[in-house]
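Worksheet: one structure, shown below.
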Amino acid sequence: MTVREHLELIRLTHQPLRGWCLPADELIEFFGLTARADASPLDMSSGQRQRLSLAAALARPSRLLLLDEPEQSLDAGFRLELAALLRDGYAGNGGTVIMATHDADFALAAGAREVRLSEGTIVSDDADDADDADDADDADDVDDADDADDADDVNAHVTG
């Protein structure tokens with residue numbers, strides 16, 4: 001089966017389409033697989049196969065996308081394009097993306113909320129940090145420009 005046939009088969013098995021997804025030809029173009037569209041995935045590089053796997057995930061309609069290090073085997077420039085697609089295309093149309101990544105730049109570009117885990121336990125959640133900053137702002141009636149600037153700072157940490 002070719003790249004195009006794989007993507008078209010995924011879409012056919014999910015008819016009628018409900019939810020956000022992209023047509024096979026758009027996925028092939030976005031993921032830079034135009035020259036390989038009629039090739040077998042077995043004849044592709046690991047980076048091209050990673051792109052095909054991501055395209056396949058986006059070929060079916062869904063509201064939830066679970067990704068494990070989606071940036072792996074992708075060049076730096078395309079990582080930013082993928083992050084934008086996940087942020088603006090998928091999440092921007094009501095979908096939820098949950099991903100595990102060690103790439104802080106990729107997570108930031110995707111607009112991700114960071115939740116850090118250690119041995120299966122949440123050790124930090126940037127949503128909690130934002131809530132704490134909001135609480136501190138509400139309690140502080142001092143109109144000091146330096147304090148206001150500090151409250152807007154966001155620190156991100158990714159464990160590897």
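The values are calculated or read from the model by the stated rules, or taken from the named source; none is laboratory data. Not measured: the values here are computed from a predicted model. No Cβ is skipped: glycine too gets one built from the backbone with ideal geometry, and neighbour counts run over all protein chains shown. Just so you know, the surface numbers come from the protein's heavy atoms only, side chains and all, with ligands and any DNA or RNA stripped out. Shrake-Rupley method; radii C 1.70, N 1.55, O 1.52, S 1.80 Å.
Output the number of residues of the range 44-85 satisfying the condition of being without any contact (Cβ under 8 Å) to a residue 40 or more places away in the chain and not in a helix (DSSP H, G or I). Walk me through how you get there before you give the answer.
Quick first cut of the range 44-85, residues without any contact (Cβ under 8 Å) to a residue 40 or more places away in the chain only: 45-51, 53-54, 57-58, 64-77, 79-80, 82-84.
Checking the rest, the ones that are also not in a helix (DSSP H, G or I) come to 45, 64-75.
Total meeting the criteria: 13.
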| task | Quick one: which residue in A104, A100, A91 is free of Cβ contacts under 8 Å to residues at least 24 places away in the same chain, among the aliphatic types (A, V, I, L, M) and under 20 Å from D126 (Cβ atoms)? | result | A91
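Tell me yes or no: at least one residue of the range 137-145 is open to solvent by less than 80 Å² (accessible area, probe 1.4 Å), at pLDDT 90 or above, assigned to a helix (DSSP H, G or I) and charged (D, E, K, R). Explain how you work it out, then say what you get.
First pass over the range 137-145, keeping only residues open to solvent by less than 80 Å² (accessible area, probe 1.4 Å): 137, 140, 144-145.
Of the ones still in play, those that are also at pLDDT 90 or above are none.
No.
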| Among residues of the range 86-109, those that are part of a strand (DSSP E or B), surrounded by 12 or more Cβ atoms within 10 Å (Cβ to Cβ) and not aliphatic (A, V, I, L, M), counted | 0
| task | Could you tell me which numbered condition L42 fails, if it satisfies all but one of (1) open to solvent by 30 Å² or more (accessible area, probe 1.4 Å); (2) among the aliphatic types (A, V, I, L, M); (3) under 24 Å from the mean Cα position of the chain (by Cα)? | result | (3)
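Tell me, yes or no, whether the range 62-72 has at least one residue that is in contact with a Gly (Cβ under 8 Å, 6 or more places away or on another chain), of a type in the set (D, E) and under 22 Å from L108 (Cβ atoms). Please lay out each step first, then the result.
Of all residues in the range 62-72, those in contact with a Gly (Cβ under 8 Å, 6 or more places away or on another chain) come to 62-65.
Within this subset, residues satisfying the condition of being of a type in the set (D, E) are none.
The answer is no, given that none of the residues of the range 62-72 is in contact with a Gly (Cβ under 8 Å, 6 or more places away or on another chain), of a type in the set (D, E) and under 22 Å from L108 (Cβ atoms).
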| request: Sort through R4, R36, R63, R51 and tell me the only one that's open to solvent by 50 Å² or more (accessible area, probe 1.4 Å), of a type outside the set (F, W, Y) and under 19 Å from the mean Cα position of the chain (by Cα). | output: R63
